[in-house]
1. Which order do B:242, B:315 take when ranked by solvent-accessible area (1.4 Å probe, heavy atoms of all protein chains), largest first?
2. In region B:280-301, what residues drop by 30 Å² or more of accessible area when the other protein chains are put back, versus the chain on its own? Use 1.4 Å, and skip ligands and nucleic acids.
3. Against the empirical 2.2 N^0.38 Å scaling, what ratio does the C-alpha Rg of region A:8-49 come to?
4. Considering every pair of different Cα atoms, what Kirkwood radius, in Å, is found for region A:348-403?
5. Where in region B:80-162 are there trypsin sites (Lys or Arg not before Pro) that are in a DSSP coil and have at most 13 other Cβ atoms within 10 angstrom of their Cβ?
6. Tell me what the protein assembly as shown gives for mean residue ellipticity at 222 nm when only DSSP H runs of n ≥ 4 count, each as -39,500 (n - 2.57), the sum divided by the residue total, rounded to 500 deg cm²/dmol.
7. Rounded if a/c is under 1.5, else prolate if a/b beats b/c, else oblate: with a ≥ b ≥ c from the C-alpha gyration tensor eigenvalues square-rooted, which is chain A?
8. Past the 19 Å Cα-Cα mark, which pairs from A:279/A:343; B:7/B:64; A:94/B:330; B:330/B:350; B:170/B:350; A:203/A:240?
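The values are calculated or read from the model by the stated rules, or taken from the named source; none is laboratory data. Because the structure is predicted, anything quoted here is derived from the model rather than measured. Positions of Cβ are generated from backbone atoms using ideal geometry, with glycine treated the same way; all protein chains shown enter the neighbour counts. Just so you know, the surface numbers come from the protein's heavy atoms only, side chains and all, with ligands and any DNA or RNA stripped out. Shrake-Rupley method; radii C 1.70, N 1.55, O 1.52, S 1.80 Å.
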Amino acid sequence: MLQNMGPEEVALRAQDIVVCMERTRSTEYDALNNLGLAVRMAVHLRGAPPVDFELLKRVAVHVLNFQTAEVRPVVTLLADAEFVDLHTEGTTIKSVIPNIPFFEDLYQNVGTVALASPLTEAEQLTLEITRRLAESPVARDSLASLGAEARLMNDVLEIGNEGGFILTRRARGRDILVSPTYFGENEAAYADLVAAKGAGRVKKVLNALRSIQGWPLVLIERGKLPSGVTLDADELAVLKALAGDGFVRPPAIQTSHHGTNYFLFGPRPGVARLPLNKKAVFEAAMALVAAVRQGQLLPAAYAIKSPPAILRALRDKGFIGANSEALEQYQQVALLKVGRLEKHGAMHRFVLNTERPENYEAIDLALNLLRGDEVQAHPEEEVVLALRKGDAYVEALIGRKHLVNENPVPLNEEDRVELETLLYGGRT
Amino acid sequence: MKDAGQKDLLYRHFRARGWYALTEVPVYNRGGAFGNKYLITDIDVFALRPSSDLRWEVVIGDCKTKKGESPANRVLWARSLMDQFSATSGIVLLRRDPKKAIEADHKLFAHKLGIALIEEPDFDVYDRAMLYPSGSASFSESATTLQSVRITLSERFPRLAPLSEYLNAKAWNEPDHFLLLRHSLGAGQQVRNEIDPSRDDHMALVFEAAGVFSVALATCVGIVFHQYLQTNERQSLDYALKTLIWGGREQYDYIAGLYSRIIEAKGGTEENKDVSLPLWSAFLQLVRSHTDAPHFSFQIPQLLRVAALDIFDSKPFLASLNSPDSMLLKLGMLTVSYFIDACRFPPETKTRAKELFTRRIASVAVGASPIVSRPAQSIHIQRTTEISPLRSVDGAEQAAGKSNSRPMEPEQTALPGIETPEPSR
């Protein structure tokens, strides 16, 4: 059932599933669960000092949503993948010494070790559905093509809905399945788009958009896309719709020579990939991409040949050389405190604010977007700190988590409309 | 060892200040016509001091027991050695006739040249002032034991001489630390078939050699950190390090091209044509790990020195260190592991080294309690929701794809006997 899904992708999807499920567990998942949790732990252990096993267990259980009995098998899996060294006394693990690779594929390595044990049919089906949903929302009835037994399909979809890694949205009379990991915002709008235009068309458009992140809307409207990206009229209409009502307004740059230009981006990653405290960093990354795309595709005079080279220069040298268009090009970026504009005669240069480490993160994310790569999972900062600071910090963190969990979940759009219908029903 | 007492005093002082130190480092003409053939002089005590901006600063220590020695001449001698090694400062320790104390103006003259000019009887005062309040007299390391590891061992095991000779003579006459980085690995590889990991003295030499390698590694880390901070882009780090290690991109491309042609001529495979350091991916991982805490990189050589001497003297491993940071120990372990792998020492060498480190790390890992009984901690109840798909009697209804809301199984708590609360989802 897993069609051409390598260990890397399996590990990636498994991680997305367990993050969405939080404290929920399914009796159908065993190896999938362990794999997802192993990746989650590895992401947080990267660069960490040696940690006492009991402390790691407490952080894992109370902050990363592990169950107590899951910690040891996950740590053992990481040791088998040679991502950690363990100090043991007999069979008791005393401390964990992380050595998580920075450059090798974390997902590939963990996935390869974990898949030594075969996955059940339910796990395979779950992964296959999750993979499809990563590319585009799909109509529920289209999943029949997977060839799975109806009962199994229903079970998996039920687990997905209850576990939170599949959202079911009703649109134009059809059940549309959406992944909150990949379509973290505007899931209702995406569901409606798929119901109207078809999942295949939306998938093709989103795949194209991933390779041309930050492309100006004005060029899309004129059908001017890079070579290798061909979209027919209907598909172009879908692309334009992504800048319309129901979707988050794309970043814009106001210029004196070309008016206001909007720059289109693919769906923003959900909380599973991008913690809430990294949203501002992602916004800054999009602003950077929009700025270099402006220079690349809609310059007043001289076009940028290589947007990635400009961003790398900003990161490595700390500034972008003075030019006549910088004031308009980087104004939004400056407003987001990524840097400042300095006057140089009649021109301006953009200087990076090196005192904010998140600005370097934003540049790396922007380079990611230009390459068309998926946003990798970011560790939660408080977990990273907890693993470095020890008991006192962990206790405070656990206490805070319990307080935060008391907050009520706000109504989503669909529930709000239902409630309004109930309230106003029958009024003339 | 001549002037042994004074050298030992200075060595202990430098080591107690947290510097990496060596005694009797020979001086050759670097880049000369005859290589290291003709000894010029030697430095009595040579030290590397970590600076706050992630660099090494060289400190030269000169010792003289001859009572008639001219202090000013000795200062000028030390100054020329400092220039040769681009040293930041120096200490000249002289034994004088009590009736002929060093002139205050000579001391001032020395100070202007970056040198502390001290009479032997006054050294104790200097030592206690700089290492307030007790000085370095009780510091456990001695230069004599170090000499046993570095020199005497190769007299008993002559086939270890290439490594010993490099560590004692050639290493500190390299023009830069990038040559030190490459050549220390080369020297280790030369003796890979001679290392016996079951012998403590051999393990001590391995740790000492890894310490020399880690001096150069720290220099790389300091530069790369200032360039990229903590990059997760392999390409950037790869490019930066190759450029550094080979003295520039042009140099690297030239040498890589030559090497590639040699390998091709010898019928080698594509993988063997890469002229970067052995286990290049592991080296990138090592450097990147160091950039998480770069100031520790400049303590690794000192750490590995203590480790080497503890193994040699059969003392508890790193027991003399008072609550070392677990990150420092982790980076030390990774450095030694890489060095052993890159030099292709027997696998048991790495196993033994890692065992020693992991045992020591266990007592200082973040969250580790030094006492058996833990203080009372708040007990946190873990709540989970378990999902099992519930099947209706009518399977057809399910196949139609109607969305049903189904009751969930009750929440499980970590402690039995506690009343199950209402489901929150």
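1. B:315, B:242
2. For region B:280-301, once contacts with the other chains are taken into account, B:285, B:288, B:292 lose 30 Å² or more.
3. My calculation over the Cα atoms of region A:8-49 gives 1.17.
4. This gives a value of 14.2 Å.
5. B:99, B:100
6. The helix-only estimate for the protein assembly as shown comes to -15000 deg cm²/dmol at 222 nm.
7. oblate
8. Long pairs (Cα-Cα over 19 Å): A:279/A:343; B:170/B:350.
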